1. Of all GluC sites (Glu not before Pro) in segment 51-87, which ones are in loop regions per DSSP and have a Cβ with at most 12 other Cβ atoms within 10 Å?
2. DSSP loop chymotrypsin sites (Phe, Trp or Tyr not before Pro) in segment 133-186 with at most 14 other Cβ atoms within 10 Å of their Cβ, which ones?
3. Please state the equivalent ellipsoid semi-axes for segment 84-220: what are the square roots of 5 times the Cα gyration tensor eigenvalues, largest first, in whole Å?
4. How far is the Cα center of segment 29-50 from the Cα center of segment 178-208, in Å?
5. Tell me which trypsin sites (Lys or Arg not before Pro) from segment 45-147 have a DSSP coil assignment and no more than 14 other beta carbons within 10 Å of their own.
6. Quickly work out the Lys199-to-Glu71 label distance, labels modelled 7 Å from Cα along the C-beta direction, and quote it in nm with one decimal.
7. What does the charge count near Lys77 come to, summing +1 for each Lys or Arg and -1 for each Asp or Glu among other residues with Cβ under 12 Å from its Cβ?
8. Label points 7 Å out from Cα along the Cβ direction at Asp154 and Ser184: separation in nm?
Amino acid sequence: ELSSGINAEYGEEEEMESEEEEVELDNTGVIAGEALLDLPMGDPEKCPTEEEMDQANSLRGQAMRAMGDGELENALKLFGEAIELNPSAAVLFAKRSQLLLREKKPNNAVRDAEKALTLNPDNALAHKCKGKAYRLLGKWEESALALAAGQKCDYDDDTQELLKTIVKPNAEKLRVARLKKESSRREREHKDKLERVRKAKEARQKAHEEAKARDSMGGMPGGMPGGMPGEDDIPPGMAGIFNDPEIATLLQDPEVVQAMAAIQQNPANNTNSGPKFTPTCDDVD
């Protein structure tokens, strides 16, 4: 039973794994996530002056021009300086997230996008950068949610095409597979519960039948009628005979046991016990 239970458990695990393997996704363009960079995030407690905000806006313009010229490292540096001056500007983190996305650094892009959204939950660029970064990481359901949120804030055809052709189909496959897996888990739990109930009923029935059998045989252990006499119930002259090996052997014979039970109830039955009982009677005598 133990081996069959283990095999069944392994079988269920293999079935679950096979269900996950059956999900065929279009992972074209998916890349491995990179380590987070030590980028300036600014002091969240800083209250920038108007002059600092103007300087930050100027640096943002320079960074955007650098991006347009393909000077990505310089643009990254300029965004960092702008963020140090005005760390409460969601647009700065969103723009840097866009830059990091171009550099194929999705983990860093997600971090900046999430920071931007803490500052402004309705920043469409941050939502879309986050969704596109998750798309690069192959996190399809997260990507679908983020891109849909971005579209709600500011719709554009390119994002909608990405959602429709790649992200949503993959996300839907994963959703269906997850629901199927959850349904299978609930079904297994239900079957296990029914099996436990069945085994408990069988155990109770077996115990009831054993008790009934003992009662019908007089309650003697091993099914011997009449019950094994206790030390206080042994008639005079029979003390110690149950330790005799020959007597112990004879007590395995149902006829001898029945005869002893009859004698226990009425000593006069000793004369009609039969030849098998003679050695026992002789020992008692």
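1. Details: sites: Glu51, Glu52, Glu71, Glu73, Glu81, Glu84; in loops: Glu71.
Taking segment 51-87 and a limit of 12 other Cβ atoms within 10 Å, no loop GluC sites (Glu not before Pro) are found.
2. Values: sites: Tyr134, Trp140, Tyr155; in loops: Tyr155.
Passing both the DSSP loop test and the Cβ count: Tyr155.
3. Numbers: eigenvalues 740, 59, 24 Å².
Result for segment 84-220: semi-axes of 61, 17, 11 Å.
4. After rounding, the separation between the Cα centres reads 51 Å.
5. Values: sites: Lys46, Arg60, Arg65, Lys77, Lys95, Arg96, Arg102, Lys104, Arg111, Lys115, Lys128, Lys130, Lys132, Arg135, Lys139; in loops: Lys46, Lys104, Lys139.
Listed in order of number, the matching sites are Lys46, Lys104.
6. Placing both labels 7 Å beyond Cα along the Cβ direction yields 7.3 nm.
7. Numbers: positive: Arg96; negative: Glu71, Glu73, Glu81, Glu84.
That sum, taken over residues with Cβ under 12 Å, equals -3.
8. 4.3 nm
The values are calculated or read from the model by the stated rules, or taken from the named source; none is laboratory data. It should be emphasised that the depicted structure is a prediction, and the values quoted were computed from it without experimental measurement. Positions of Cβ are backbone-derived with ideal geometry, glycine not excepted, and every protein chain shown enters the neighbour counts. In case anyone asks, the SASA skips ligands and DNA or RNA and just uses the protein heavy atoms, side chains included. Shrake-Rupley method; radii C 1.70, N 1.55, O 1.52, S 1.80 Å.
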